[in-house]
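The values are calculated or read from the model by the stated rules, or taken from the named source; none is laboratory data. Just so you know, these numbers come straight off a predicted model, no measurement behind them. Every residue, glycine as well, gets a Cβ built from its backbone with ideal geometry; the counts of neighbours run over all protein chains shown.
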Amino acid sequence: MSPATMPHSVPLPDLPRLPRRLRAAAPTWTETTDVCVIGSGVAGLTCALNLRRAGFHVTVVTKVRIDDGSTRWAQGGVAAVLDPVDTPEAHARDTQIAGVGLCDPAAVDVTVTEGPARIADLIHLGTEFDRHPDGSLQLTREGGHRARRIVHAGGDATGAEIQRALHAAVLRDPWIRIIEHAMVLDLLTDAKGHTAGVSLHILGEGVEHGVGGVEARAVVLATGGLGQIFQSTTNPSVSIGDGVALALRAGATVTDLEFVQFHPTALFLEGIGGDRQPLITEAIRGEGAHLRDFSGDRFMVGAHELAELAPRDVVAKAATARMRAEGQSHVWLDARHLGKDMLETRFPTVTSSCRALGIDPVVDMIPVAPAAHYSSGGVRTDLFGRTSVPGLYAAGEAACTGLHGANRLASNSLLEALVFAQRIADDLAEHKPSPGAAEAPEGEGDVCSTTSRAPIQEAMTAGAGVLRSEASLEGTAESLTALGDNVSGRPRPATWEATNLLTVATAVTAAAHRRRETRGSHWREDHPEAEADWLGHLSLSISADGELETTWEPIA
């Protein structure tokens, strides 16, 4: 369906022209593999291990070190139906309620039904989830779940334990090649337009000698999120949306980018800022912690039937509204009544993070505020992780499988990564794509100035953050366009990252401007209600001349 048939369509504001490739030196080296996996979190490493079981040689490329992505920071756990009184249908229903009408039922079905087997796979690899004295798995609740179905490890260190187990398994396999400290630049294709590998730069090697290529039959994008387009985020510094930017330059479709989930309880303290805001896991509210305003009132009571365990968009909006009303920069999380033993045993990460900043949750309330946390949208895929570019796959937060809809249900992210990493390996094993000769990309490409990063984050936070409106988004678009006019930077990691940030920020702004309603994690102050006309998906792509194009796909 063309953009002209979009509900309540209004012209997009002026947006920067986006490059179809990054400017970079010619590759000076090449290596060959069967499948190249970009990213080393739960999606990337699980996919690599599954591909090896299918008989492929695998190269994993990661921007910093193998454990420096978002996975190790995941606190809450993995959602899966493991209790005999729970059902996949109940898990699906909770997922669809959180997704506010935009979840793909087929993606939900395969995720909730295949999820328990993927948890078993993790346990077989050596992941040590928390258990009761009788050996049964401990299960907890998080926001939006109406049953205890969250498995966790180390109390609130689930991601770290999963990353440890996956890392160890990868190291045991000599046919998985790891390239650390490498930034992937662009997709390589053959004469038929099929994926043939990627170009990349080994960080610290110097532009002239660091640029090379990994030729492969297929490429899997598992690059994680895009939280770094905002000033305040729970994501690590590497999470700048590299995979989404690469996919857009390669001609792939991205979907649902307006739905950026802001976690309602990031630790707030004046001046802590920096690359990553410490997360106060939702599981602490699952165990009974309360949110309070500066008057001491539990403002979520009466705001939603689940109170503090409402879906994250509901809690983030309520917290932001209360902060505005009181003229405060945060609200309070009160866990004091949980007691010292519970806090130190069940939530050691939260407790130590707080105490390192002078807050003792045993006796003090914790200052919290919403921060960019998770992108429910990403590179559009089918049920086997295939994108619109032949041979290019996506998994994890970089992908939009259709599971999350307008808002991710808590702890469904690790589950989605596990399920679709397996499905990608199954698809490649069945079809075994033939390798093609990579062709040299056309054109010189562009890069932004290194001074663009902070202004991009400021513009996105001011106009495209938790609260959005037509006026605020147009202000953001104006700032991004001015920054996009500055393409004077020389090719190097800082300018490549700035260019990726600008590309992703532009796409998020365009989608948020198009969707003139409030739904899930997308909150338009000038259109405060969800509207039936907007029951559908916004997809974006970059035209040959660098224009961002949007298409509307209604749900029947």
Note on the range 228-248: residues within 19 Å of residue 538 (Cα to Cα) and assigned to a loop (DSSP other than H, G, I, E, B) are 241
Of the conditions (1) surrounded by 17 or more Cβ atoms within 10 Å (Cβ to Cβ); (2) in contact with a Gly (Cβ under 6 Å, 6 or more places away or on another chain), residue 517 fails just one. Which one is it?
(2)
Just give me the residues in the range 495-523 being in contact with a helix residue (DSSP H, G or I) (Cβ under 6 Å, 6 or more places away or on another chain), polar (S, T, N, Q) and assigned to a helix (DSSP H, G or I), in sequence order.
495, 500, 503, 506, 509
Among the residues in the range 473-494, are any over 23 Å from residue 20 (Cβ atoms), in a helix (DSSP H, G or I) and out of contact with any helix residue (DSSP H, G or I) (no Cβ under 8 Å at 6 or more places or on another chain)?
yes
Can you find, within the range 415-472, the residue that is nearest to the chain's Cα centre (by Cα) among those that are part of a loop (DSSP other than H, G, I, E, B) and hydroxyl-bearing (Ser, Thr, Tyr)?
469
Note on residue 295: of the conditions (1) closer than 25 Å to residue 156 by Cα; (2) assigned to a loop (DSSP other than H, G, I, E, B), unmet is (1)
Determine, yes or no, whether residue 112 is outside any helix (DSSP H, G or I) and either buried (at least 24 other Cβ atoms within 10 Å of the Cβ) or basic (Lys, Arg) (or both).
no
Can you work out which of the residues in the range 430-472 that are of a type in the set (Ser, Thr, Tyr) and in contact with a helix residue (DSSP H, G or I) (Cβ under 6 Å, 6 or more places away or on another chain) is nearest to residue 316 (Cα to Cα)?
472
Checked pairs for the range 324-338, first under 16 Å from residue 270 (Cα atoms), second assigned to a loop (DSSP other than H, G, I, E, B), C-beta under 6 Å and 6 or more apart or across chains, list as 328/294; 330/268; 331/293; 332/365
Is it true that some residue in the range 87-98 is touching a strand residue (DSSP E or B) at 6+ places or on another chain (Cβ under 8 Å), assigned by TED's automatic domain parsing to the domain that holds residue 53 and at pLDDT 95 or above?
yes
Quick check on my filter: what residues within the range 127-160 are among the charged types (D, E, K, R) and in a loop (DSSP other than H, G, I, E, B)?
128, 130, 134, 141, 142, 146, 148, 149, 156
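This table checks each residue for (1) touching a residue at least 24 places away in the same chain (Cβ under 8 Å); (2) of a type in the set (A, V, I, L, M).
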residue: 502; (1), (2): yes, yes
residue: 520; (1), (2): yes, no
residue: 528; (1), (2): no, no
residue: 533; (1), (2): yes, no
residue: 546; (1), (2): yes, no
residue: 551; (1), (2): yes, no
residue: 554; (1), (2): yes, no
Can you tell me which of 244, 220, 254, 211 is among the β-branched types (Val, Ile, Thr), touching a strand residue (DSSP E or B) at 6+ places or on another chain (Cβ under 9 Å) and within 21 Å of residue 34 (Cβ to Cβ)?
220
Only one of these is over 19 Å from residue 350 (Cβ atoms) and either among the hydroxyl-bearing types (Ser, Thr, Tyr) or not assigned by TED's automatic domain parsing to the domain that holds residue 505 (or both): 240, 280. Name it.
240
Picking from 213, 251, which residue would you name as being in the same structural domain as residue 403 (by TED's automatic domain parsing), over 23 Å from residue 412 (Cα atoms) and in a strand (DSSP E or B)?
213
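State the number of residues belonging to the range 50-62 that are in contact with an Asp or Glu (Cβ under 7 Å, 6 or more places away or on another chain) and either without any contact (Cβ under 8 Å) to a residue 12 or more places away in the chain or under 18 Å from residue 398 (Cβ atoms) (or both).
2
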Looking only at the range 503-515, decide whether some residue is charged (D, E, K, R), under 27 Å from residue 103 (Cα atoms) and in contact with a Leu (Cβ under 9 Å, 6 or more places away or on another chain).
yes
Among residues of the range 240-261, those that are of a type in the set (A, V, I, L, M, F, W, C), touching a Gly at 6+ places or on another chain (Cβ under 8 Å) and under 12 Å from residue 399 (Cα atoms), counted:
3
What number of residues within the range 176-198 satisfy the criterion of being touching a Pro at 6+ places or on another chain (Cβ under 6 Å) and either assigned by TED's automatic domain parsing to the domain that holds residue 456 or in a strand (DSSP E or B) (or both)?
1
Residue check, residue 325 touching a strand residue (DSSP E or B) at 6+ places or on another chain (Cβ under 6 Å), in a helix (DSSP H, G or I) and among the hydrophobic types (A, V, I, L, M, F, W, C):
no
